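Engineer: Please read through the structure below; I'll follow up with questions.
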Amino acid sequence: MVMILRLLGRRLAALPLMILGITLLVFFVLQAAPGDQADSALGEGASNEAKEQYRQENGLNDPLFVQYVRFLGKLLQFDLGVTTPPAKSVASMIGSAFPLTLQLTFLGVMIAVVLSLVFGVLGALYRDKWQDQAIRVFSIAAIATPSFWLGILLIQWFALGANPMFPSGGLAAPEAGFGGWLNSMALPALALAIPVSASLIRVVRTSMVEELDRDYVRTAIGNGVPYREVVARNVLRNALVTPVTVLGLRVGYLLGGAVVIEMIFALPGMGQLILNGITSLDVNLVQGVVLTISVTFVLVNIVVDILYLLINPRIRTV
């Protein structure tokens, strides 16, 4: 527990610096993007005087450093600004859209974990047999398949035709309950999870093979401990250390992939917000979405580090 608290303290102490670095990168990259915020807000048909007045009122003529300090000051007050006309609070829009992106990402993670554990363990237990070869072919094909293309294929296979099994897009109404929600999220989550699970399958298989070849496995089996019990109690737990670390890195891919998948399946999440922000050159909206996703990724990796300590007791004794 002391080791976990120390790790948590170090990560939380470094969190403000990481967030500051993220804000620097996001702010200056978006400021360097082509286009004029005044044109986006007022339209290209607005007069030069109106555009200049808009820039003056919104501080767009100030030096970039002054604009960045002003941006940080608002951020400390959890003020992400407003969108270009019609003006809406960026924070409230993210508050409405982000839960859906988290739900899709969480469901994708669950599917990826289940697939990687089942197929990774089977591949290790039946190494070099036909089951292992079939799983290897599946994982290679899935890794090479982009999630957006897989999403389109899933729509064609399961959402179109005379008897569709799932909706082709959109989110189920709240009155549809959990079943309706799961039905509308199944295809997007699968499209998001399968490419990630494929890479995790290889990691789980490799870790399992390494553990199965260790001396303690042969010793336990030689002493009469059932093979299944050795695998379930010892091998599997020890083999999960590396996959958990890799999964933490893949969560960033899942968050980014969720943004693309949401646009394909017409889900009102962060993907729709960032698309609207980019097409309308709404800097505040794009900054808010990117910052939210980036900070979430950092927090998820802190949780993964803690899980790493919980799974691997050897680290806690170092």
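Engineer: Full extension from Thr219 to Glu52: what is 0.36 nm times the residue separation minus their Cα-Cα distance, to one decimal in nm?
Structural biologist: 52.2 nm
Engineer: In 5 Å bins starting at zero, report the fraction of Cα pairs in the range 174-256 per bin as a rounded %.
Structural biologist: The percentages, shortest bin first, are 3, 13, 17, 14, 12, 12, 11, 8, 6, 3, 1, 0.
Engineer: Rounded to two decimal places and with Rh computed the Kirkwood way over Cα pairs, what is Rg over Rh for the range 96-311?
Structural biologist: Rounded to two decimals, Rg/Rh equals 1.05.
Engineer: Also, I was wondering about something else. Charges on Cβ only, +1 for Lys and Arg, -1 for Asp and Glu, centred on the Cα centroid of the chain; of Ile194, Ala38, Leu72, which one is farthest towards the dipole's positive end?
Structural biologist: Of the options given, the answer is Ile194.
Engineer: With θ set to phi - 60°, apply the Karplus curve 6.51 cos²θ - 1.76 cosθ + 1.60 along the range 273-290 and write out the HN-Hα couplings as whole Hz, x wherever there is a Gly or Pro.
Structural biologist: 5, 5, 5, 4, x, 6, 5, 9, 6, 8, 4, 4, 5, 5, 4, x, 5, 5
Engineer: Lys51: which lysines have alpha carbons under 18 Å from its alpha carbon, excluding same-chain residues fewer than 8 sequence positions away?
Structural biologist: Qualifying lysines at Cα under 18 Å: none.
Engineer: On to the next question. Between the alpha-carbon centers of the range 187-220 and the range 43-117, tell me the distance in whole angstrom.
Structural biologist: 39
Engineer: Could you sort Arg11, Arg218 by accessible area so the largest value comes first, with the probe set to 1.4 Å?
Structural biologist: Arg218, Arg11
Engineer: Would you mind counting up the charge near Leu60? Only other residues with Cβ under 10 Å from its Cβ, with Lys and Arg at +1 and Asp and Glu at -1.
Structural biologist: That sum, taken over residues with Cβ under 10 Å, equals -2.
Engineer: Calculate how steeply helix 241-264 sits against the longest principal axis of the alpha-carbon atoms of the chain, using the helix alpha-carbon long axis, and give the answer as 0 to 90 degrees to the nearest 10.
Structural biologist: Rounded to the nearest ten degrees, it is 40.
Engineer: Which whole-number value in Å³ per residue fits the convex hull of the alpha carbons of the range 1-90?
Structural biologist: 112
Engineer: OK, next. Please give the length that would be gained between Leu182 and Leu5 if that part of the chain were fully extended, namely 0.36 nm times their separation in residues minus their C-alpha to C-alpha distance (nm, one decimal).
Structural biologist: 60.1 nm
Engineer: Would you list, by chain and number, the lysines whose Cα falls below 22 Å from the Cα of Lys74, excluding same-chain residues fewer than 8 positions away?
Structural biologist: Lys88
Engineer: About the Cα centre, and with charges only on the beta carbon of Lys, Arg (+1) and Asp, Glu (-1), how big is the dipole of the range 96-311? Nearest 20 debye, please.
Structural biologist: 500
Engineer: Right, here's the next one. Can you compute the charge dipole magnitude of the range 19-136 about its Cα centre, using +1 on each Lys and Arg Cβ and -1 on each Asp and Glu Cβ, nothing else charged? Give it in debye, rounded to the nearest 20.
Structural biologist: 620
Engineer: How big is D for the range 62-149, in µm² s⁻¹ as a whole number, if Stokes-Einstein is applied with the Kirkwood radius of its Cα pairs at 20 °C and 1.002 mPa s?
Structural biologist: So the translational diffusion coefficient is about 122 µm²/s.
The values are calculated or read from the model by the stated rules, or taken from the named source; none is laboratory data. In this text the structure is predicted, and so the values were computed from the model without any measurement. Positions of Cβ are backbone-derived with ideal geometry, glycine not excepted, and every protein chain shown enters the neighbour counts. Each accessible area value is taken on the protein alone, full model and side chains, heavy atoms only, with ligands, DNA and RNA left out. Shrake-Rupley method; radii C 1.70, N 1.55, O 1.52, S 1.80 Å.
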